[in-house]
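No lab work stands behind these numbers, since they all come straight from the coordinates. These figures come from a predicted structure and were not determined experimentally. As a convention, Cβ positions derive from the backbone with ideal geometry for all residues, glycine included, and neighbour counts pool all protein chains shown.
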Amino acid sequence: MRIRDARKKALARAAAWFGNDKLLTEPALVKIADDLALIEVGRIVAIEYESKKYDGKTRVYRHNVVKTRILYISTDGEVLIIKPGLKITKRGIEG
């Protein structure tokens, strides 16, 4: 995927996520090591994060994970991957 297309897709997803264009920030290009090695850590049971989505007020959101999803962490500790992936919608994280 070209960077311009990826940027456009990221902005569309962010707009759906935040629900308010004033809360959007520029997408960041994240460089991942070419020799990325991952370790299976275990099953994800919930994700908890802090966000200013919808109205700009900071809140903590918790999503209990319904389907079996596995967490992998890179050996350098820089990258976390959840497989299978989660769906990002206007309501937030689903799955």
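Available extension along the chain between Glu78 and Ala10 is 22.4 nm, counting 0.36 nm per residue and deducting the alpha carbon span. Using the Cβ-Cβ distance between Thr68 and Thr89 with R0 = 30 Å, the FRET efficiency computed as 1/(1 + (r/R0)^6) comes to roughly 0.90.
How many Lys pairs in the chain lie less than 21 angstrom apart by Cα atoms, where the lysines are 8 or more positions apart or on different chains? Lysine pair count for the chain: 25.
Only helices enter this figure: runs of n ≥ 4 DSSP H residues, each worth -39500 (n - 2.57), summed and divided by the residues of the chain, yield -5500 deg cm²/dmol at 222 nm to the nearest 500.
Over the chain, with a Gaussian network built from C-alpha contacts below 10 Å, which listed residue (Ile82, Ile47, Ile32) shows the highest mean-square fluctuation? Sorting by GNM fluctuation, first place goes to Ile32. When only Cα pairs below 8 angstrom with a gap of at least 6 residues are kept, the chain shows a relative contact order of 27 percent. Computed from the alpha carbon atoms alone, the convex hull of the chain holds 117 Å³ per residue. For a quick check of your reading of the filter: which GluC sites (Glu not before Pro) in segment 9-95 sit in a DSSP loop and have no more than 16 other Cβ atoms within 10 Å? Passing both the DSSP loop test and the Cβ count: Glu78.
A crude spin-label estimate for the pair Asn20 and Tyr54, with each label 7 Å from Cα along the Cβ direction, gives 1.1 nm. In this structure the amide hydrogen of Gly95, modeled in the peptide plane, comes within under 5 Å of the amide hydrogens of Val66, none closer than 5 places in sequence on its chain.
Taken about its Cα centre, the chain carries a charge dipole of roughly 620 debye when the Cβ of each Lys and Arg holds +1 and the Cβ of each Asp and Glu holds -1.
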